[in-house]
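Notes to accompany the following structure.
The values are calculated or read from the model by the stated rules, or taken from the named source; none is laboratory data. The shown structure was predicted, so the numbers you read here are calculated from the model rather than taken from an experiment. Cβ: placed from backbone, ideal geometry, glycine included. Neighbour counts: every protein chain shown. For accessibility, only protein heavy atoms count, side chains too; no ligands or nucleic acids. Shrake-Rupley method; radii C 1.70, N 1.55, O 1.52, S 1.80 Å.
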Amino acid sequence: DAGVIQSPRHEVTEMGQEVTLRCKPISGHDYLFWYRQTMMRGLELLIYFNNNVPIDDSGMPEDRFSAKMPNASFSTLKIQPSEPRDSAVYFCASTPPGTLGANEQFFGPGTRLTVL
Amino acid sequence: AQKVTQAQTEISVVEKEDVTLDCVYETRDTTYYLFWYKQPPSGELVFLIRRNSFDEQNEISGRYSWNFQKSTSSFNFTITASQVVDSAVYFCALTGTFYNQGGKLIFGQGTELSVKP
């Protein structure tokens with residue numbers, strides 16, 4: 001059974017460019033999370049969805065960041081315009097239905113973003 | 001507010017030594033869940049264990065064991081007879097259960113464990 005799939009695995013772009021990160025959750029999972037990992041801030045939640053609906057986007061750093069989940073099997077995180085401080089590893093995770101907070105989150109391999 | 005503190009930033013041991021990674025948490029939820037994840041040098045996050053707030057039984061899985069104490073808000077992780085393959089960053093994390101707060105994994109800063117041969 002495939003795990004959480006993220007693409008691309010690595011992205012190098014120049015400041016000001018638009019970046020789109022993609023995630024396919026595990027089939028049957030109804031929660032999807034986007035996290036960012038940096039040396040300075042550690043692992044922090046950006047946004048999460050339940051049944052394709054955004055529930056909490058309080059972690060999204062600013063308006064340059066947006067996330068969508070058009071269907072149960074696909075989500076995107078977009079940064080426009082990108083800045084060097086956005087350089088980080090972005091993880092997508094999903095979790096199956098059940099008691100909220102109780103289930104382990106299954107993480108994708110991450111996308112390493114470098115903004116020059 | 002929820003918070004997880006892993007005071008040990010880096011630990012270095014020699015193979016076969018036992019090592020304990022500390023985790024202290026803060027939450028106002030009465031029902032919550034604690035997790036440990038491992039991040040090896042390859043970068044993925046690997047789930048190790050989940051414990052709910054009503055279950056204070058210690059758990060052992062092979063060389064790994066976990067000690068959960070609500071009285072001190074701690075959820076410590078011990079590796080017995082460490083091996084080089086245990087070298088990784090280990091994260092302790094916490095979730096609550098209230099709608100629109102629950103499910104959010106609050107991570108500690110991580111402890112980087114280096115096991116030398």
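The table below lists the values:
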item	result
Any hit, region B:43-58, residues being open to solvent by less than 40 Å² (accessible area, probe 1.4 Å), part of a loop (DSSP other than H, G, I, E, B) and in contact (Cβ under 8 Å) with a residue 12 or more places away in the chain	yes
Extreme residue, nearest to B:GLN6 (Cα to Cα), among residues of region A:34-52 that are more than 9 Å from every other protein chain (Cβ to nearest Cβ) and under 14 Å from the mean Cα position of the chain (by Cα)	A:THR38
Sole residue being closer than 16 Å to B:CYS23 by Cα, away from chain A (no Cβ under 11 Å) and touching a residue at least 24 places away in the same chain (Cβ under 8 Å), chosen from B:THR78, B:THR95	B:THR78
Exclusive hit being among the small types (Gly, Ala, Ser), open to solvent by 60 Å² or more (accessible area, probe 1.4 Å) and closer than 24 Å to B:PHE107 by Cα, set A:SER87, A:SER58	A:SER58
A:SER75 vs. criteria open to solvent by 40 Å² or more (accessible area, probe 1.4 Å), of a type in the set (Ser, Thr, Tyr) and closer than 21 Å to A:GLU11 by Cβ	no
Test result for B:SER82, among the small types (Gly, Ala, Ser) and either more than 24 Å from B:SER114 (Cβ to Cβ) or touching a His at 6+ places or on another chain (Cβ under 9 Å) (or both)	no
